[in-house]
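**Student:** Starting off with a structure, shown below.
Just so it is clear, none of the values below were taken in a lab; they were calculated from the coordinates. In this text, all values refer to a predicted model and were calculated from it rather than measured experimentally. Neighbour counts are summed over all protein chains in view; Cβ atoms, including those assigned to glycine, are modelled from backbone coordinates with ideal geometry.
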Protein chains: 2
Amino acid sequence: MRYKAVVSYDGTDYAGFQSQRNAVGIQDIIEKAFRLMTQTDIRIHGAGRTDKGVHAKGQVFHFDSDLPLTSETWVRGVNGRLPNGIRIRSVHEVHARFHARHDAKEKIYRYVISKGEGTPFSNRYEVHVKDIDTDVVRAVLPVFEGTHDFRGFTKLVKGKDTVRTIRSLTLKETRTHHVFTFRGQSFLRYMVRSIMGTIIAIGTGQADPGLAREILETKDRSLTPPTAEARGLFLERIIY
Amino acid sequence: MRYKAVVSYDGTDYAGFQSQRNAVGIQDIIEKAFRLMTQTDIRIHGAGRTDKGVHAKGQVFHFDSDLPLTSETWVRGVNGRLPNGIRIRSVHEVHARFHARHDAKEKIYRYVISKGEGTPFSNRYEVHVKDIDTDVVRAVLPVFEGTHDFRGFTKLVKGKDTVRTIRSLTLKETRTHHVFTFRGQSFLRYMVRSIMGTIIAIGTGQADPGLAREILETKDRSLTPPTAEARGLFLERIIY
């Protein structure tokens, strides 16, 4: 049987979702929990990597197992062997050709900025930036929407296709926070955080509002402001 | 000049507030930040230890320095050299004989229990216990209030005075949480968590309501249920 699982995690202490050669990925921890629970080797296939330090509320993976267990047994059994910072939210049986990465229709990322200084309890999950000019930012967001070559907003890997489509990029402002929401089928490595770094630079007056379009047109990464910190980024949900 | 400082911290990754022989205490990290900032050795004196893994919203310490800096300069300078999980909230000049520990009039601790299962983002700061009978618990709380020999609720150190006074112990219930608040001039080591362990055992029906009084009367620690986890406990505030 093939199963689809949704997992949340605090990415602070891990080298990203994917297994790494020299560092512990969240995938390694989950596979170990499966092994402890079932005494069998279960390989999990994530919908995509998240980078070192990035969090997830709804990362998805699939796995195969012949064990005839209920959803609830899977969830409890695995969670009982996972650290507190990683929680399986659901496990459901799916058709045999379901693929967590190939079948993903849309990914939703959220970037959280606090207006006030953080506390030791919030600092893991948000970045503090004061005095963001929301009018300036709102005017720039549409520049990123649509299909573009985002080569200036990623770590260049030669020969790789760097064209992506951002279906929407919105800002929700509350009394205490600025929350940015990115929707698209897929994103390049560091793309969301690199765009956020540019938005922050523009919103705080350190860069000209025209810079966004300039980087998209020239694809010149040397123009791109520093990448925003991982701790503000959440993989919120994946739609199938 | 003598200064009084208030500090918040996420205790998860530290061996408690106090400097330890073989482990890093929060005090060590703060003293290092002072050294990096001032190029002088500044020894800080905490109002008390907090145990490994316990958090603080308002721990207090005092220190001496001849540097004529403003409160704001102290706060910014030290915070700039501290990890995100430790934040100085305020620094104020006090009279030369102020002592963080000796002058403390009341300490307020809070213990946070979530009714629902936690998320990876809340699990560091609360303990999950379902089905606590609040009527049973509310009837037991007054048993702990007042002056008692709390020897059954601490790690016994021979010859040490184990009589303490709990001025109040209250429960506030919300839709999602049970929050217990302890007020007293001082507490023994593990005392709050050991009392919480007993309250949880009674509230979930694993122990008889009479057990609270029995431990106080017999002072027999072998009767005491397991100590509640550190991650639910916050040193909330110290009143001078």
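**Student:** Considering only C-alpha atoms, what is the centroid distance from region B:59-105 to region B:129-158, in Å?
**Tutor:** Centre-to-centre distance over Cα atoms comes out at 34 Å.
**Student:** Convert each backbone phi in region B:105-114 into a coupling constant with the Karplus relation 6.51 cos²θ - 1.76 cosθ + 1.60 (shift: θ = phi - 60°), then list the ³J(HN,Hα) values in order as whole Hz, x for Gly and Pro.
**Tutor:** Result, ordered by residue: 8, 7, 10, 10, 10, 10, 10, 10, 10, 9 Hz.
**Student:** For chain B, what is the calculated [θ] at 222 nm in deg cm²/dmol (nearest 500), taking -39500 (n - 2.57) for each run of four or more DSSP H residues and dividing by its residue count?
**Tutor:** On the way: 5 runs with 54 residues, N = 240.
Computed ellipticity for chain B at 222 nm equals -7000 deg cm²/dmol.
**Student:** What list do you get for A:LEU216, B:LEU235 if you sort them by fewest beta carbons within 10 Å?
**Tutor:** On the way: A:LEU216 19, B:LEU235 26.
Fewest-to-most Cβ neighbours within 10 Å comes out as A:LEU216, B:LEU235.
**Student:** If each residue's Cβ is checked for other Cβ atoms within 10 Å, how do A:GLU31, B:GLU126 rank with the fewest at the top? Walk me through the intermediate numbers first.
**Tutor:** Numbers: A:GLU31 18, B:GLU126 22.
Fewest to most other Cβ atoms nearby, the residues stand as A:GLU31, B:GLU126.
**Student:** What is the dipole size for region A:128-240, taken about its Cα centre, with +1 at each Lys and Arg Cβ and -1 at each Asp and Glu Cβ, in debye to the nearest 20? List each step's numbers first, then the result.
**Tutor:** On the way: 18 positive and 13 negative charges, 114 e Å.
Result for region A:128-240 is approximately 540 debye, rounded to the nearest 20.
**Student:** Also: Exposure proxy check: B:VAL112, B:VAL157, A:VAL91 ranked by fewest other beta carbons within 10 Å? Walk me through the numbers before you get to the answer.
**Tutor:** Details: B:VAL112 17, B:VAL157 10, A:VAL91 23.
Exposure proxy ranking, most exposed first: B:VAL157, B:VAL112, A:VAL91.
**Student:** Could I ask something else about it? What number, in percent, do you get for the relative contact order of region A:1-143 if the mean sequence gap of Cα pairs under 8 Å and at least 6 apart is divided by its residue count?
**Tutor:** Details: 235 pairs, mean separation 41.5, N = 143.
Averaging sequence separation for qualifying contacts and normalising by length gives 29 percent for region A:1-143.
**Student:** In this model, which of A:LYS32/A:LYS105; A:LYS107/A:LYS158; A:LYS130/A:LYS219; A:LYS32/B:LYS32 are farther than 27 Å apart at the alpha-carbon?
**Tutor:** Result: A:LYS32/A:LYS105; A:LYS130/A:LYS219; A:LYS32/B:LYS32 exceed 27 Å.
**Student:** Which shape class applies to region B:37-90: rounded if a/c is under 1.5, otherwise prolate when a/b exceeds b/c and oblate if not, where a ≥ b ≥ c are the square roots of the Cα gyration tensor eigenvalues? All intermediate terms of the calculation are to be shown ahead of the outcome.
**Tutor:** On the way: a/c = 2.01, a/b = 1.52, b/c = 1.32.
Because a/c hits 1.5 or more and a/b exceeds b/c, region B:37-90 counts as prolate.
**Student:** Please name which of A:ILE113, A:HIS148, A:ILE132 has its Cα lying farthest along the dipole of region A:108-161 towards the positive end, using unit charges on Cβ (Lys, Arg +1; Asp, Glu -1) and the Cα centre as origin.
**Tutor:** A:HIS148
**Student:** Name the shape class, rounded, prolate or oblate, that the alpha-carbon gyration tensor gives for the protein assembly as shown, where a ≥ b ≥ c are the square roots of its eigenvalues, rounded holds for a/c under 1.5, and otherwise prolate holds if a/b is larger than b/c and oblate otherwise. Please list the in-between numbers first.
**Tutor:** Values: a/c = 2.47, a/b = 1.36, b/c = 1.82.
Oblate.
**Student:** Moving to a separate point now. From the label point of B:ARG213, set 7 Å from Cα along Cα→Cβ, how far away are the matching label points in the other copies, in nm, ordered shortest to longest?
**Tutor:** Computed spacing set for this position: 7.9 nm.
**Student:** Taking Cα pairs under 8 Å and at least six residues apart, what relative contact order does region B:73-137 come out at, in percent? Walk me through the numbers on the way to the answer.
**Tutor:** On the way: 33 pairs, mean separation 13.0, N = 65.
Relative contact order, region B:73-137: 20 percent.
**Student:** Note down the relative contact order for region A:1-58 as a percent, whole number, built from C-alpha pairs under 8 angstrom at least six residues apart. Present the calculation step by step, with values, prior to reporting the outcome.
**Tutor:** On the way: 78 pairs, mean separation 27.7, N = 58.
Relative contact order, region A:1-58: 48 percent.
**Student:** Can you give the charge dipole size of region A:1-147 about its Cα centre, rounded to the nearest 20 debye, using +1 on the beta carbon of Lys and Arg and -1 on the beta carbon of Asp and Glu?
**Tutor:** For region A:1-147, the charge dipole is close to 280 debye.
**Student:** Over all alpha-carbon pairs of region B:68-131, lay out the pair-distance distribution in 10 Å bins, whole %, shortest bin first.
**Tutor:** Taking every Cα pair in region B:68-131, the percentages come to 16, 26, 30, 20, 8, 0.
**Student:** Output the direction-averaged projected area (hull surface divided by four) of the convex hull of the alpha-carbon atoms of region B:1-117, in nm².
**Tutor:** 8.3
**Student:** Okay, moving on. Treating only the Cβ atoms of Lys and Arg (+1) and Asp and Glu (-1) as charged, compute the dipole magnitude of the protein assembly as shown about its Cα centre; round to the nearest 20 debye. Can you show the working numbers first?
**Tutor:** Details: 76 positive and 54 negative charges, 92 e Å.
So the magnitude is around 440 debye.
**Student:** Name the residue from A:ALA207, A:LEU188, A:PRO225 whose Cα lies farthest towards the positive end of the charge dipole of region A:172-227, charges +1 on Cβ of Lys and Arg and -1 on Cβ of Asp and Glu.
**Tutor:** A:LEU188
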